[in-house]
Each structure stands twice: as structure tokens, then as C-alpha cells.
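Following: one structure in C-alpha cells, then a few remarks.
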Amino acid sequence: MALFNEKHIYLLKNLGRGFLWFAIIIGIFLFLKTKVDVNYLELLKPVYKHPGWVILIFILSELIVGLIPPEIFMLWALKNDSVSEYILFIIMLAFLSYGAGYIGYLFGSYLNTTRLYRFVRRRFLSKLERRLNDYGLYLIIVAAVTPLPYSGVSMLVGSVKFPVRKFLLFSTSRFLRFGVYAWIIWEANILS
């Protein structure tokens, strides 16, 4: 029996892609912070005064197939260099993202026969559906920890009536992503 089957290879390959994407975001962040004479914190001050809007944008992004990478919001959470405040924001973002995935699951589960869902499925989710058929729960884990659209995968998983408890269990890997990425972002911020 081979050490890695096709599903393991899929998981490892996509984890590598996810970390590559994350490394690119961190690289851009470090470059801008150290090489460009722009105080990004000053530019973002108007945004910091309205955290409710930022959280609303995050929730909408997570519900609408992850339009904005969560790492952007993690960078926003660095706003005042308070470790405890940063951790609280990251925990809140992680729970909101996990909840948005569950809402996506419910959307797929209860609305999978509607015209709206068929349009979303045909237009945005058809490629993911093939992957779901091939990789099952591995796709849930990959979507939870990489830039693959977690909400979109959640909708698909709900639409095929995947057991909700298994979905919620495997989706907890979303917290791992937020924890590891947030720690790396914090460290990168301190380094620069």
C-alpha cells in the first residue's frame, strides 16, 4: 500500500499552495512596511474608527464565497500592537468565518432546489463539485485552511446532504488556519 494515496497528495499539494499564497501576502506586507515610505497605519485610521464596518465587510465576504482573503482582516487587526486585542480579534474572526461556513452549509442544504442556488452552483461551484466528488472530506479541510473558497465548499457540502456533524468537525480546521496565520502575521509585524 502506498504511503500517500491520491487524496493525501491532493491535501498536501493544496496546503502547499495555500502557504505559498500566504507567503506572498506576508511578503507584500513586509515589503510595503519596510521599503515603501508610506505609513499604512495612518492611511487606515479612518477604517480603524469604524470596526463595525470592517467586521460587516468580513462577514459579507465570508458569506459570499470569500471575496476578500481573511489575512487582510488579520493585518487590519494589528492596528494598535496590543497582543490581547489582536488575539481577541482573531478569535472573533475565526468564529465568524466558521459560522459563515455553517450558514453556507445550511444554504446549500435547504435551498439546493431553488433557482438561486442552481445559478450559484452552475456559475461558481461546478469545479468545486467535481473536487467534492473526488476528495470528499479532504476538500472540506483544504477549503478550511487554504484560499479555496470555504463558503462555496460549505454550500456544496450542504447541498449533497453531507452529515452536518462531520462537516462541523472537519471545519474546525478553520480555527487552525486562523491561529497559525495570525501568529505568523504577528511575528512578521514585529520583525519589520
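Every number in this text was worked out from the coordinates using simple rules, so none of it is lab data. Values in this document were obtained by computation on a predicted structure and should not be read as measured data. All Cβ positions, glycine included, derive from the backbone under ideal geometry; neighbour counts span all protein chains shown.
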query = Hey, with R₀ at 41 Å, roughly what FRET efficiency would R130 and K35 work out to, going by the Cβ-Cβ distance, to 0.05?
reply = 0.45
key: Inter-label distance for W183 and R123, nm, one decimal - labels placed 7 Å from Cα along Cα-to-Cβ   = 4.0 nm
remark   = Out of T146, T172, T34, a Gaussian network model of the chain with alpha-carbon springs under 10 Å gives the largest mean-square fluctuation to T34
query = Tell me, in nm to one decimal, what length is gained between I55 and I72 on full extension, where the rule is 0.36 nm per residue of separation less the Cα-Cα distance?
reply = 4.9 nm
note = Count of lysine pairs, the chain, Cα-Cα under 29 Å, sep. 8 or more residues or interchain, comes to 16
request  = Using the number of other C-beta atoms within 10 angstrom as an exposure proxy, rank K49, K33, K166 with the fewest first.
outcome  = K49, K166, K33
query = Could you give the nm distance between label points at I87 and N112, where each point is 7 Å from its Cα heading toward the beta carbon?
reply = 4.0 nm
